[in-house]
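*Asks:* Before I ask anything, let me first share the structure, which is written out below as structure tokens.
Read-outs: derived from the displayed coordinates by stated rules, not from any lab. Since the model is a prediction, treat every value here as computed from it, not as a measurement. A quick note on method: Cβ atoms are made from the backbone with ideal geometry, for glycine too, and the neighbour counts reach across all protein chains shown.
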Amino acid sequence: MARKNRLRRRGKSHAGRNILLTLLVLLVAGLGAAAFILFEAEKPTVTIKKEVRFLGSHIEIPFVAGDQKSGLASVVFAIEQGGQQKQLFNRTFQRKAWFGAAGPHDLAETVEVDVRKTGVKDGKATLVISARDFSLNGVFKGNETVLRLPVTVDTRPPRVAIDHAQQYIRPGGSGIVTYTLSEPVVKHGVEIDNLFFPGYQLDGKNPLNGKNLFVAYIALPWDSGKPETTRVIAIDEAGNSGKAGFSMNLRKVPEKKDRINVSEGFLKRKIPEFEEHYPELTGSLLEKYIFVNNEIRRRNAQTIKEICRKPSPERFWHDRFIRMPGAGRAGFADQRTYYYKGKVIDHQTHLGMDIASTARVAIKAANSGKVVFADYLGIYGNTIILDHGQGLFSLYAHLSRIDTTPGAMVAKNDTIARSGATGMAGGDHLHFSMLINGIFVTPREWWDQHWIDVNINSVIGK
């Protein structure tokens, strides 16, 4: 009996020790798991969201920081020069928990840097972004990531010196501005109110002693008044902007009016052509016509503007543009009023010159250039657009046949098409337009060798 009691007590003792051992194992495992979580070693991430090589007088720098384990405890953005740091951004977070996310997993901010207020001088500097998390790793200081980005501080704007500026210009007129720059820049050209005309570098073959000249071809829209702002602007890689103003004298142009009678026969003849290309047309023949004359015209204008956004930096043209022989049927900027059965139905502006000769006459390139469009274009019908370089374009519309392809280089007087009556044409003729950076200008100036000599060749050469 006593032996049984001893065995029973020994069994209970073993069981107690097993329970205690299990509890100790669980405690150690729990402490290990807690330590693994609390002392996690994954470092935060830091990324600057745009390329920054230069700091101008003012710049905005977007960045993101993140920590997907314990969360962010602090983020500091500073600029360093000569061993001295100037903080630009400092964010510290309160611990929200001991396990899981004690701070935010992600932070996205944009730092506005006013370099002059930092006391940093032009020259080499370093952007420093440090992010620390809520881990107890690193002697309870947390994991830290430090991103260092070398930059060049440049707060001096480029100097702009104007050599020549167009003195007289008219609405729908053209001209050039030439200028020199003190340093390489990322963007330069002429601003006329809300319009921008990019500049292009000239070669040394000009009468101005081979200086490092730039030229910008400029234009005023047909309905322009006297511009309030006319200046050359240059922006360097640091974002500094240099400007030089100039003045122009505006010559007014008398308004020309034209009456267009839209007949039932014209509608029956023309609308099927537009229905083929624009199946969204609905309503009566007249309603479809008005839609084409307004909405399709607007779309066509946008297409032309997009085509003119990327001109060749090389100048292809020389001397005057060739005018097709024939009778002038309509002029540039004619104010058209459209009548149907004696009632006014629409108003539009004619942005080109209409020239009529024999039917299906050969259409020749007015000057050397590159074909950038050769296709159907709404109210213009079959159309060709030539890029003559440095922002100058010519347009040939209402063609019956196109004899060239996009990408082809053509010389002055090369045959590129045949005249016709496609699009909104009432009869066989050529609609010819000139454009500068997508702005329609009068072709008369570009047909005139004297105007070319005085306004272009005498300034930058042929």
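*Asks:* Among rounded, prolate and oblate, which fits the range 257-460 when a ≥ b ≥ c are the square roots of the eigenvalues of its C-alpha gyration tensor, a/c under 1.5 means rounded, and a/b larger than b/c means prolate?
*Replies:* prolate
*Asks:* Classify the range 228-282 as rounded, prolate or oblate, taking a ≥ b ≥ c as the square roots of the eigenvalues of its Cα gyration tensor: rounded when a/c is under 1.5, otherwise prolate if a/b is larger than b/c and oblate if not.
*Replies:* Oblate, since a/c reaches 1.5 and b/c is not below a/b.
*Asks:* Using the Kirkwood radius built from alpha carbon pairs, what does the Stokes-Einstein equation give as D for the range 160-250 at 4 °C and 1.567 mPa s, in µm² per second?
*Replies:* 96
*Asks:* Whole-Hz ³J(HN,Hα) for each residue in the range 454-462, computed from phi via Karplus 6.51 cos²θ - 1.76 cosθ + 1.60 with θ = phi - 60°, x for glycine and proline: what do you get?
*Replies:* 6, 9, 10, 4, 5, 9, 10, x, 8
*Asks:* Let me ask you something else. At 7 Å along Cα-to-Cβ for each site, give me the label-to-label distance between Ala244 and Arg95 in nm.
*Replies:* Here the answer is 6.3 nm between the modelled labels.
*Asks:* Another one. Using the count of nearby Cβ atoms within 10 Å as a rough guide to exposure, how do Met248, Met424 rank from fewest to most?
*Replies:* Least crowded to most crowded, the residues run Met248, Met424.
*Asks:* Something else: Mind ordering 318-328, 389-399 by average Cβ neighbours within 10 Å, highest first?
*Replies:* Going by the mean number of other Cβ atoms within 10 Å, highest first, we get 389-399, 318-328.
*Asks:* Moving to a separate point now. Between Asp375 and Lys50, what FRET efficiency comes out of the Förster formula 1/(1 + (r/R0)^6) with R0 = 41 Å and r the beta carbon distance, rounded to 0.05?
*Replies:* 0.60
*Asks:* Residue separation times 0.36 nm, minus the C-alpha to C-alpha distance between Glu237 and Gln335: what's the value?
*Replies:* Fully extending the segment from Glu237 to Gln335 adds 30.8 nm.
*Asks:* Can you show me the helix-derived [θ] at 222 nm for the chain, built from DSSP H runs with n ≥ 4 at -39,500 (n - 2.57) apiece and divided by the number of residues, rounded to the nearest 500.
*Replies:* Mean residue ellipticity, 222 nm, calculated: -5500 deg cm²/dmol.
*Asks:* Further question: What angle, in degrees between 0 and 90 and rounded to the nearest 10, separates the Cα long axis of helix 2-38 from the longest principal axis of the Cα atoms of the chain?
*Replies:* The angle comes out near 30 degrees.
*Asks:* Under a Cβ-Cβ cut-off of 11 Å, what is the net charge of the residues other than Thr282 that fall near it, where Lys and Arg count +1 and Asp and Glu count -1?
*Replies:* Counting the neighbours of Thr282, the net charge comes to -2.
*Asks:* In addition: Mind checking the full-extension length gain between Met409 and His277? Use 0.36 nm per residue of separation minus the Cα-Cα distance, one decimal, nm.
*Replies:* 44.7 nm
*Asks:* Which peptide among 67-78, 334-345, 367-378 comes first, and what is the full order, when sorted by highest mean count of other Cβ atoms within 10 Å?
*Replies:* Ranked by mean Cβ neighbours within 10 Å, highest first: 67-78, 367-378, 334-345.
*Asks:* Taking the 0 to 90 degree range and rounding to the nearest ten, how far is the long axis of helix 264-277 tilted relative to the main principal axis of the chain, both from C-alpha atoms?
*Replies:* Value to nearest ten degrees: 30.
*Asks:* Next question, about the same structure. Given R₀ = 22 Å, FRET efficiency for Lys256-His347 by Cβ-Cβ distance, to 0.05?
*Replies:* That pair, Lys256 with His347, gives E of 0.95.
*Asks:* Taking the dipole about the Cα centre of the range 89-180, with the C-beta of Lys and Arg at +1 and of Asp and Glu at -1, give me whichever of Val111, Val153, Phe93 is farthest to the positive side.
*Replies:* Phe93
*Asks:* Out of the range 277-370, which GluC sites (Glu not before Pro) are coil in DSSP terms and have no more than 15 other C-beta atoms within 10 Å?
*Replies:* Answer by residue number: Glu280, Glu314.
*Asks:* Which whole-percent values make up P(r) of the chain when all C-alpha to C-alpha distances are grouped in 20 Å steps starting at zero?
*Replies:* Bins of 20 Å from zero give 19, 33, 23, 15, 5, 4, 1 percent of pairs.
*Asks:* Another question, if that's okay. Considering the zone a paramagnetic label at Arg360 would reach in this model (a point 7 Å from Cα along the Cα-to-Cβ line), which residues of the range 426-442 have amide N under 14 Å from it?
*Replies:* Under cut-off, by backbone N: 428-429.
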